[in-house]
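Note sheet for the following structure.
The values are calculated or read from the model by the stated rules, or taken from the named source; none is laboratory data. All of these numbers come straight from a predicted model, not from anything done at the bench. FYI the Cβ positions are ideal-geometry reconstructions off the backbone, even for glycines, and counts take in every protein chain you see. Note: areas computed on protein heavy atoms with side chains; ligands, DNA, RNA excluded. Shrake-Rupley method; radii C 1.70, N 1.55, O 1.52, S 1.80 Å.
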Amino acid sequence: RVWHIAYSASKSVTGLAVGMLVDEGKLSLGDKVVRLLEDRAPKLALLTLKDLTVRHLLTMTSGIAFNEAGSVTETDWARGFLESTIRGEPGTKFNYNSMNTYMLSAIVREVSGKGLTDFLRPRLWEPLDITEVYWEKCPRGIEKGGWGLYIRQEDFAKIGQLLLQKGEWKGRRLVSEAWVDAATSAQIETPESYGGFHY
């Protein structure tokens, strides 16, 4: 049994972590990103991105231009994201950008005081008996969130089964049914080239 890279399926695991924080009352989908990461936000972003929320990051509707290509030369990805140009009003248009999910990883760390790997250990890895996980990190030591997760295929299948069971595992609730329902429902319309499933 060997690890496999999860590529963008990593986003679903990051989404679960966000859902757990919401369930615990420590985070809200309406929370403003610049307020959550205020110490990393340039002064101008406090104005230009004042309406950007956690929901916009989850639904790929942030309108932010900074993407994975920019991360190659940038060492502070959160700052690069918050300094970036805006392609449109947050919440209005779908634009697939893995840096949205990286920002969610940064928010999980800011709110919980732990990176994704450690935050999920008692909440997901241990209940599902997932013992071998590795998540690549950015230059500042934050898990990439949108990609970079290495996990055994049978263990990733357990996470899929958890979702099929509406967030319950062996009689224990790991994430709310309401979160699973929202996370597995279409949230924003996508271009026809993406297929008919939406995001």
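Test each condition in (1) within 20 Å of M20 (Cβ to Cβ); (2) touching a residue at least 12 places away in the same chain (Cβ under 8 Å); (3) open to solvent by 40 Å² or more (accessible area, probe 1.4 Å) for T75 and report the one that comes out false.
Among (1) within 20 Å of M20 (Cβ to Cβ); (2) touching a residue at least 12 places away in the same chain (Cβ under 8 Å); (3) open to solvent by 40 Å² or more (accessible area, probe 1.4 Å), T75 violates only (1).
Tell me whether the stretch 61-76 contains one or more residues that are closer than 19 Å to K137 by Cβ, at pLDDT below 95, part of a helix (DSSP H, G or I) and charged (D, E, K, R).
yes
Given the residues Y96, Y134, which is the only one that is closer than 28 Å to V34 by Cα and among the hydroxyl-bearing types (S, T, Y)?
That would be Y96, the only listed residue that is closer than 28 Å to V34 by Cα and among the hydroxyl-bearing types (S, T, Y).
Is it true that S10 is out of contact with any Pro (no Cβ under 9 Å at 6 or more places or on another chain), among the hydroxyl-bearing types (S, T, Y) and surrounded by 19 or more Cβ atoms within 10 Å (Cβ to Cβ)?
Judged against the criteria, S10 is a match.
Condition check: touching a residue at least 24 places away in the same chain (Cβ under 8 Å) and in contact with a strand residue (DSSP E or B) (Cβ under 8 Å, 6 or more places away or on another chain). Does L116 satisfy that?
So L116 passes the test.
Filtering the stretch 92-112 down to residues that are assigned to a loop (DSSP other than H, G, I, E, B) and under 16 Å from the mean Cα position of the chain (by Cα), which residue is surrounded by the most Cβ atoms within 10 Å (Cβ to Cβ)?
N97
Residues S105, S193: which one is modelled with pLDDT under 95 and under 26 Å from G63 (Cα atoms)?
S193
Restricting to the stretch 161-180, name every residue that is part of a helix (DSSP H, G or I) and either at pLDDT below 95 or surrounded by 12 or more Cβ atoms within 10 Å (Cβ to Cβ) (or both).
Of everything in the stretch 161-180, those that are part of a helix (DSSP H, G or I) and either at pLDDT below 95 or surrounded by 12 or more Cβ atoms within 10 Å (Cβ to Cβ) (or both) turn out to be L162, L163, E177, A178, W179, V180.
Can you tell me which of H4, H56 is in a strand (DSSP E or B) and more than 16 Å from C138 (Cβ to Cβ)?
H4
For the stretch 6-19, what are the residues that are within 12 Å of the chain's Cα centre (by Cα) and either of a type in the set (S, T, Y) or closer than 16 Å to A182 by Cα (or both)?
S8, S10, K11, S12, V13, T14, G15, L16, A17, V18, G19, listed by residue number.
If I filter the stretch 22-35 for residues that are under 25 Å from Q165 (Cα atoms) and in contact with a Lys or Arg (Cβ under 6 Å, 6 or more places away or on another chain), do I get at least one hit?
Yes, the conditions are met somewhere in the stretch 22-35.
Within 16 Å of the chain's Cα centre (by Cα), over 21 Å from W179 (Cβ atoms), of a type in the set (D, E, K, R) and open to solvent by 10 Å² or more (accessible area, probe 1.4 Å) - does that describe any residue in the stretch 41-58?
No.
So, T131, is that one open to solvent by 40 Å² or more (accessible area, probe 1.4 Å) and either touching a Cys at 6+ places or on another chain (Cβ under 7 Å) or not basic (K, R) (or both) or not?
When the stated conditions are applied, T131 passes them.
If you check every pair at least six apart or on different chains, which have Cβ atoms under 8 Å apart with a residue in the stretch 127-154 that is closer than 16 Å to G15 by Cβ and basic (K, R) first and a residue that is in a loop (DSSP other than H, G, I, E, B) and open to solvent by 30 Å² or more (accessible area, probe 1.4 Å) second?
Correct list of pairs: K144/E136.
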